[in-house]
Amino acid sequence: RELGLGGESVVAVDAESQVMDAVKLMNERKLSALAVVDDARDGVMLGNISISDMKYIFKTRNERLLWSTCATFIKNIRMRASLESNKGKDSFPFYAVSKSCSLHTVIQKLMATGVHRLWVVDQHMKPAGVISMTDVLRVLNPDA
């Protein structure tokens, strides 16, 4: 928050929505990712869906996943990541920071996890913002 990062409103989709609806929403809003929340649990964040996750559908030639729920899709992505790149280790559903985290902490977490974005969540695990690596780079080098 110290440099205005992660303060924008979050666009989210309910976990029971179809992946195709999430893709349409990302396209309409020109976003690269959406928070996936559980509306039945008052909007608690469960994960995220990004454009890069769509590669999984094309790679597996499983277009039926576009009509699955976002929750099912996330489970498929996690299982595949766990088997392929993590050598059987579980992968975290999403990486988050609190609103009070410093820029230093955000950079450390981005580097440690190797992800492109961190979700800003409140004390109830509801999404409150998102900080991407691109956002951080713009703060570090505003003239670029």
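The values are calculated or read from the model by the stated rules, or taken from the named source; none is laboratory data. Not measured: the values here are computed from a predicted model. Here Cβ is always computed from backbone atoms with ideal geometry, including for glycine, and neighbour counts include all displayed protein chains. Please note that ligands, DNA and RNA were not included when accessible areas were found on the heavy atoms of the full protein model with its side chains. Shrake-Rupley method; radii C 1.70, N 1.55, O 1.52, S 1.80 Å.
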Any residue in the range 107-128 that is of a type in the set (Ser, Thr, Tyr) sitting within a Cβ distance under 7 Å of a residue that is open to solvent by 50 Å² or more (accessible area, probe 1.4 Å)? List the pairs, counting only those 6 or more apart or interchain. 113/95
Exactly one condition in (1) farther than 25 Å from residue 123 by Cβ; (2) at pLDDT below 95 is false for residue 25; which is it? (2)
Residue that is most open to solvent (accessible area, probe 1.4 Å), among those in the range 51-72 that are at pLDDT 90 or above and either assigned to a helix (DSSP H, G or I) or within 17 Å of residue 117 (Cα to Cα) (or both): 67
When you check residue 118 against the structure, is it farther than 21 Å from residue 14 by Cβ, at pLDDT 90 or above and open to solvent by less than 70 Å² (accessible area, probe 1.4 Å), yes or no? yes
Residue 81 versus (1) surrounded by 14 or more Cβ atoms within 10 Å (Cβ to Cβ); (2) modelled with pLDDT under 90; (3) over 18 Å from residue 126 (Cα atoms); (4) over 16 Å from the mean Cα position of the chain (by Cα): which is the lone unmet condition? (4)
